[in-house]
Amino acid sequence: MKEFVLSCCSTADLSKEHFEKRDIHYVCFHYYLDEAYYPDDLGQSQSFAEFYKAMENGAMTRTSQVNVAEFEEYFESFLKEGKDILHVTLASGISGVNNAANIAKNMMQEKYPDRKIYIVDSCSAACGYGMLMDTLADLRDAGRSIDEVHQWVEENKGRVHHWLTATDLKYLIRGGRLSKTSGFVGQMLNICPVLCIAADGTLKAVQKVRTKKKVLEALVNKMAENVEDADYADKCYIGHSACEADAQALSRQIEEKFPQLAGKILIGDIGTMIGSHTGPGTIVVCFWGKERA
C-alpha cells in the first residue's frame, strides 16, 4: 500500500497541535483585519482572543481563499516525494476553494501522472469539517487505502451535522445572511437565530429563539432530532468564538442528554475564516447524524 497524504484547509478549525498529532496536513487561507494581513495559521500569528476583541472594537475583516498557485506548490511538496494526496476542501457552498484545488490538481496530474490526487468537497465547515478529518484519520490509521478512504468520505460526508447560533446579529447582517430589517428586529427582541449548514454546504437560517439559554437548549434539541440513535455514541465537537462559557454550558447539556458519547466533547475555537462572517459570540455543535437535507 502506497503512503498517502491526508490533507485539508486551515478552515477545519482544529488546533496546530491536533493536526500534527493526527498527521493531517493543511494549507492556510488568509485574512485582513482592517488593513493588516495575516495567514489563517490557527492562531499562531494572531491569537483568536485578539482577533475577536478587534472585531468587537469595530475592526473590519476580509478573507481570501487558497489560490491555484498556492495549491500547486503545496501539492507538489508531497508529489515529488512519491506520495498520493487526498485533499478535502471547505464547503463549495461558502467558498470557491474547491474549484481552485481542482484546477491545481489537473495541472499537477499532468506533471505527476503516476500519482493519485483526490479532491473532495467536504460540504462542511468549522469543527464539523474538523470532525470529518479526524474520522478520515481514524480510517487511514486503521489501514484503509487512499481509494477506500476517498470512497468512504464521498458516501458519508452528508451525515456531518452543523447547528449554530450567533448572539450578535450585526455580522450576519453585514454578510447578507440576515436582512437588515430582520436583524434589527432580532436585536431589539433578543432573538438568537438557529442556523445549519445544508447538504449543499450553504448556511441556512431555520429557527428564531429568544434568549441565549433557550437557544442552547434548541441546539441540543436539534442534535436529538438528527442523530440516528437516541443512544448516540459517536463524536461530538463544539466550536465557539470568544464565548467559551457558552460552549462549556452546551457541552454539559449534551453530555447529560447523550451519556454514551465517544470520548469527551472536543471544544475549540471557531477560526478566523468562519468567524470573520459570524463574529464573536457564535457557537456551533457538530455530530454524525442522518443524511442532511
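Key figures
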read-out: Checking Gly281 against (1) modelled with pLDDT under 90; (2) on the phi > 0 side of the Ramachandran plot, the condition it does not meet; value: (1)
read-out: Selected residue (only one of Tyr232, Tyr237 is aromatic (Phe, Trp, Tyr) and under 26 Å from Glu56 (Cα atoms)); value: Tyr237
read-out: Scan of the range 79-93 for residues that are over 21 Å from Asn156 (Cα atoms) and not in a strand (DSSP E or B), ordered by number; value: Leu79, Lys80, Glu81, Gly82, Lys83
read-out: Check on Asp200, crowded, with 22+ Cβ neighbours inside 10 Å and either assigned by TED's automatic domain parsing to the domain that holds Thr61 or closer than 19 Å to Ala91 by Cα (or both); value: no
read-out: Some residue of the range 78-91 being surrounded by fewer than 17 Cβ atoms within 10 Å (Cβ to Cβ) and polar (S, T, N, Q); value: no
read-out: The range 94-107 - residue that is touching a His at 6+ places or on another chain (Cβ under 9 Å) and either assigned to a loop (DSSP other than H, G, I, E, B) or not hydrophobic (A, V, I, L, M, F, W, C) (or both) and, of those, nearest to Ala126 (Cα to Cα); value: Ile94
read-out: Options Phe19, Phe4, Phe75: the member that is within 30 Å of Lys116 (Cβ to Cβ) and in contact with a Leu (Cβ under 7 Å, 6 or more places away or on another chain); value: Phe4
read-out: Residues satisfying the stated conditions in the range 281-293, i.e. assigned to a loop (DSSP other than H, G, I, E, B) and touching a Cys at 6+ places or on another chain (Cβ under 7 Å); value: Gly281
read-out: Qualifying residues in the range 208-226 (those that are out of contact with any Gly (no Cβ under 9 Å at 6 or more places or on another chain) and either part of a strand (DSSP E or B) or among the aliphatic types (A, V, I, L, M) (or both)) - the one surrounded by the fewest Cβ atoms within 10 Å (Cβ to Cβ); value: Arg210
read-out: Residue, farthest from the chain's Cα centre (by Cα), within the range 229-271, restricted to residues that are assigned to a loop (DSSP other than H, G, I, E, B), at pLDDT 95 or above and of a type in the set (D, E, K, R); value: Asp234
read-out: From Lys53, Lys105, residue being surrounded by fewer than 20 Cβ atoms within 10 Å (Cβ to Cβ), under 27 Å from Gly158 (Cβ atoms) and over 20 Å from the mean Cα position of the chain (by Cα); value: Lys105
read-out: Test: residue in the range 160-172 that is part of a helix (DSSP H, G or I) and at pLDDT below 75; value: yes
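The values are calculated or read from the model by the stated rules, or taken from the named source; none is laboratory data. What you see is a predicted model; the values in this text were computed from it and never measured. When we count neighbours, we look across all protein chains shown, and the Cβ atoms used for this are built from the backbone with ideal geometry, even at glycine.
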